[in-house]
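J.: Submitted below is the structure of interest, expressed as structure tokens.
The values are calculated or read from the model by the stated rules, or taken from the named source; none is laboratory data. A quick note: this is a predicted structure, and the numbers were derived from the prediction, not measured. Positions of Cβ are generated from backbone atoms using ideal geometry, with glycine treated the same way; all protein chains shown enter the neighbour counts. Note: areas computed on protein heavy atoms with side chains; ligands, DNA, RNA excluded. Shrake-Rupley method; radii C 1.70, N 1.55, O 1.52, S 1.80 Å.
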Amino acid sequence: HGIGPGFLKLFSIPLREGRDFTRDDVAGNERVAIVSQDLADTYYGGHAVGKVINVPRTDDAVYPARIVGVVGSTWQKGPLHPLQPVFYVPLAQLPEPIMVLFRNLEPLRFALRGHGNPMDWQAGVRDALAQVAPGQPIANLRDMRGIVRQTTQNARLSLWLIGLFAALALLLAVAGLYAVMAVAVAAREREFGVRMALGAAPRRLLGLVLRGGLIQIVAGLAIGVAVALGASHAVAVLLMTLLGRSSAFDPVVLLGVCMVLAAAGLLACLLPALRAGRVHPMRALRGE
């Protein structure tokens, strides 16, 4: 990629090591380059600053450039594609044959960073460019958020549908657990009444029912986590298709899902547990 000075700040790319391009990185000075972290790890063992990279030309030749910085990895073809090693060179140091090749292959694209709504300063951008390059046409002006939305709209739709079905599945699971616990409490109503008649506190009965529900929740979570880890390959393929991620195991996400499921399960058990704590002892004794 041909980049100008300050591109790290422009695209909010983190600088891991070394420096950004400066206005001194022009034709005639030492040729320099910045590489992505995955390129540095793959080809330089993580220590790329000061090394030399051979930049290809259009005539089957290369020219050497000294690596002056390492930046975070970025998705070049969108977040739905895997990361690729990338190196950046100053636009002012690109050989003319490469610039001609770029112009022949596709239009040049420039990025501007400003404050406020980008679509509000289209006229100002066109006027500024007309002053410095009157013969340079502008085909299209788009804001980066719109580009990202268009690139990921299919994935976002798929994720919304998955989230909707997941919410419905969670609702059905909560309703099922509530029904099971409600039937269990109703079947043990006389037992709870006798316990209260013998001096058991309502909160003790509440804890007894919640403990039984918690055992079922923990067993279900253990089985679910085991199945998810066992099907990690299929999940990884799904994540790569939807999110561009190759790893299916994320401890934070897994912990968050388990916490949500545990909270929903305890909420489903709470109403039957409260009912157990309100059983009237005299009704249970008359039943006996």
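Results for (1) under 33 Å from the mean Cα position of the chain (by Cα); (2) of a type outside the set (D, E, K, R), shown as yes or no for each residue.
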position: Leu129; (1), (2): no, yes
position: Gln136; (1), (2): no, yes
position: Leu141; (1), (2): yes, yes
position: Arg145; (1), (2): yes, no
position: Asn154; (1), (2): yes, yes
position: Phe165; (1), (2): yes, yes
position: Leu177; (1), (2): yes, yes
position: Arg188; (1), (2): no, no
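J.: OK, next. Of all the residues that make up segment 178-209, how many are over 19 Å from Cys269 (Cα atoms), part of a helix (DSSP H, G or I) and hydrophobic (A, V, I, L, M, F, W, C)?
T.: Adding up the residues that qualify gives 3.
J.: Still on this structure, I have one more. Look through segment 198-221, keep the residues that are out of contact with any Pro (no Cβ under 9 Å at 6 or more places or on another chain), more than 18 Å from Val180 (Cβ to Cβ) and among the hydrophobic types (A, V, I, L, M, F, W, C), and return whichever of them is surrounded by the fewest Cβ atoms within 10 Å (Cβ to Cβ).
T.: Out of the qualifying residues, it is Ala201.
J.: Please verify whether segment 8-31 includes one or more residues that are out of contact with any Phe, Trp or Tyr (no Cβ under 6 Å at 6 or more places or on another chain), at pLDDT 85 or above, assigned to a strand (DSSP E or B) and of a type in the set (S, T, N, Q).
T.: No.
J.: Before we move on, is Trp121 hydrophobic (A, V, I, L, M, F, W, C), more than 28 Å from Ala48 (Cβ to Cβ) and at pLDDT 70 or above?
T.: Answer is yes for this residue.
J.: Six or more apart or on different chains, Cβ under 6 Å: which pairs go from a residue in segment 270-285 that's closer than 16 Å to Arg204 by Cβ to one that's at pLDDT 80 or above and small (Gly, Ala, Ser)? Could you list them?
T.: Between residues of segment 270-285 that are closer than 16 Å to Arg204 by Cβ and residues that are at pLDDT 80 or above and small (Gly, Ala, Ser), the close pairs are Pro272/Ala182.
J.: Moving on. Quick one: would you say Ala92 is open to solvent by less than 60 Å² (accessible area, probe 1.4 Å), closer than 30 Å to Ala268 by Cα and out of contact with any helix residue (DSSP H, G or I) (no Cβ under 7 Å at 6 or more places or on another chain)?
T.: no
J.: Which of the numbered conditions does Gln37 fail, given that it passes all the others? Conditions: (1) at pLDDT 85 or above; (2) open to solvent by 80 Å² or more (accessible area, probe 1.4 Å); (3) among the polar types (S, T, N, Q).
T.: Tallying (1) at pLDDT 85 or above; (2) open to solvent by 80 Å² or more (accessible area, probe 1.4 Å); (3) among the polar types (S, T, N, Q), Gln37 fails exactly one: (2).
J.: Residue pairs, Cβ under 9 Å, 6 or more apart or interchain, first in segment 174-202 and among the aliphatic types (A, V, I, L, M), second surrounded by fewer than 12 Cβ atoms within 10 Å (Cβ to Cβ) and part of a helix (DSSP H, G or I). List them.
T.: Ala197/Met282
J.: Then there is this: Are there any pairs, at least 6 apart or on different chains, whose C-beta atoms fall under 7 Å, with the first in segment 144-171 and within 30 Å of Arg113 (Cα to Cα) and the second in a loop (DSSP other than H, G, I, E, B) and not hydrophobic (A, V, I, L, M, F, W, C), and if so, which?
T.: Thr151/Gly78; Thr152/Pro79
J.: What pairs come up if the first residue lies in segment 113-131 and is in contact (Cβ under 8 Å) with a residue 24 or more places away in the chain, the second is assigned to a helix (DSSP H, G or I) and open to solvent by less than 70 Å² (accessible area, probe 1.4 Å), and their beta carbons are under 7 Å apart, counting only those six or more places apart or on different chains?
T.: Arg113/Leu10
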